[in-house]
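Here is the structure we will look at.
The values are calculated or read from the model by the stated rules, or taken from the named source; none is laboratory data. In this text, all values refer to a predicted model and were calculated from it rather than measured experimentally. Using ideal geometry, Cβ is built from the backbone for each residue, glycine included, and neighbour counts are taken over all protein chains shown. Quick note on the areas: whole protein, heavy atoms, side chains included, nothing else; ligands and nucleic acids left out. Shrake-Rupley method; radii C 1.70, N 1.55, O 1.52, S 1.80 Å.
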Amino acid sequence: MGTDIHIHIEHKSRKKKKFVYDFEADGERIYSLFGVLAGTRGDCDALFDPRGLPTDVSPEVLEEYKLWDGDAHTHSWLTTEEFGKCLDSYFEDCTKVAGNSEEYVREWMLSYYKIYEYMKYSEDEGEPSRIVFWFDN
């Protein structure tokens, strides 16, 4: 039994002018990346201190969060740019510092790269994106 991350993607709708829910994404259990994202588990410091849930979180994400009834922890959110910086930092640490091959690390992080690419696509379409996430034990 370990810690899992729960990632929800939202984008700011041009029509509604507010953040709306896209979907829940799966993220691999990579503790050192959890450290970079939020300072939980892993040996790395967070690039961005945990912020709690956004004040304008979508109703769907808020409802899902409430279902955890206090078992969710270290909840936060990151913009597309911030999430990209976290992935870059982790990738660099894993390849240069830890000595893993770039191919190995890219494969290991594939689920996170897919989330990031989706977020970038939304940004390119003129709708800012963010991830809202928390951890369980």
* Asked: Which of the GluC sites (Glu not before Pro) found in the range 1-96 are in a DSSP loop and have at most 16 neighbouring Cβ atoms, other than their own, within 10 Å?
  -> Glu28
* Could you tally the net charge around Glu127, taking each other residue with its Cβ under 14 Å from the Cβ of Glu127, Lys/Arg +1 and Asp/Glu -1? => +3
* Tally Lys/Arg at +1 and Asp/Glu at -1 over every other residue whose Cβ is under 15 Å from the Cβ of Leu110; what's the total? -> -3
* Measuring from centroid to centroid over Cα atoms, what is the spacing of the range 99-137 and the range 24-89 in Å? -> 12 Å
* To do: Could you pull the Cα extents of the chain along its three principal axes, largest to smallest, in whole Å?
  => 46, 36, 22
* **Of all accessible heavy-atom area on the chain, the percent that carbon and sulfur account for (1.4 Å)** => 46 percent
* Can you tell me the Rg and the Dmax, both Å, for the Cα atoms in the range 26-67? -> 12.4, 33
